[in-house]
1. Only one of the values [x] 21.0; [y] 19.5; [z] 21.7 was calculated from this structure for Kirkwood radius over Cα pairs in Å; name its label.
2. For 24, 69, what's the largest-to-smallest order of accessible area, 1.4 Å probe?
3. Note down the accessible area of residue 97, probe 1.4 Å, to the nearest 10 Å².
4. Please turn the phi angles of segment 20-29 into ³J(HN,Hα) values with the Karplus equation 6.51 cos²θ - 1.76 cosθ + 1.60 (θ = phi - 60°), one per residue in order, whole Hz, x for glycine and proline.
5. With all protein chains present and a 1.4 Å probe, how do 139, 60 order by accessible area, largest first?
6. Run the 1.4 Å probe and let me know the accessible area of residue 158, rounded to the nearest 10 Å².
7. For segment 48-63 and segment 201-273, what is the centre-to-centre distance using only Cα atoms, to the nearest Å?
8. Relative contact order, percent, of the chain when contacts are C-alpha pairs under 8 Å separated by at least 6 residues?
Amino acid sequence: GQKNSIDQKQWYQRRVRALPLVAKRCIQLASQKGASLWLTTLPIEQYGFHLNKMEFRDSICLRYGWEVKNVAEYCECGQKNSIDHSLICKLGGFVHMRHNEIRDTEAEFISEICKDVKVEPPLQPCNASLLPSTANTAIDARLDFCGRGFWRPIQQAFFDVRIVHANSPSYLNTPVENLYVQHENAKKTSYNQRVIEVEHGSFTPLVFSTAGGMGKEALKYHKRLASRIAAKRNENYNDVITYIRRKIRFSILRTTLIAVRGTRKPVKKYRTKGIGDIDMNLISYE
């Protein structure tokens, strides 16, 4: 039995290595923890775990790197449209919407176990000369959310979210795990020392991919989160961690699908004439 399992694993690895670069990357991303939960979830609408027919087909295409049909040839920004472009184009606000959806979902989760939870808390002013030159010392700097008592009692824990499109052509030659570490380190370089020295708190970067995977820091954070929620509510840890990953996966999936088919062109508002432009000598009809 064990020998057959090893043989099957080796056969699978050989097949994956033989795939084209983009297809290989899609398989690697789909194999990450939590990335495929949407396929095994009951379509319960009240939890947001449902997709319509078009959304399901588009999700399959995104999973395997297939072409999504019936989308505009050119983006509203003027560039040729593609999956890669639609997921990084900032026109229409879909990149911010995807980020804010995860931010708000995580803040809601952490409010179950932490006090003094805030979304986009501003950081205290700091003396730039006392921090590394790579630190973000802006007066208006803020992180995505925070809460007291997550890692240590009373201590303020700060978190910042980043969602990367790991299938972007510029990332294809970078191993997925290295990509997560790269973005985690970039966040730490900007904020870690400032949070420790000025806020006397902790800082954790939460890096996700548009395919639903996440970095080591986010995995560690979710395990801690699930463990504490399970203990507080006297529920099974496996049920809690699965629900959290499922909720995050659907949040990323839904906002990704919106970016693929959503309208980026602003709608012109119909505006009636102002009172200063109206002729008061109206004609009466009998």
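The values are calculated or read from the model by the stated rules, or taken from the named source; none is laboratory data. It should be emphasised that the depicted structure is a prediction, and the values quoted were computed from it without experimental measurement. With ideal geometry, Cβ positions are generated from the backbone for all residues, glycine too; neighbour counts draw on all protein chains shown. These accessible areas exclude ligands, DNA and RNA; they are computed on the full protein's heavy atoms, side chains included. Shrake-Rupley method; radii C 1.70, N 1.55, O 1.52, S 1.80 Å.
1. [z]
2. 69, 24
3. 70 Å²
4. Each residue of segment 20-29 in turn: x, 4, 5, 5, 4, 5, 4, 5, 4, 5 Hz.
5. Per-residue accessible area, sorted high to low, gives 139, 60.
6. 10 Å²
7. Here the two parts' Cα centres lie 17 Å apart.
8. Values: 367 pairs, mean separation 60.7, N = 286.
This gives 21 percent for the chain.
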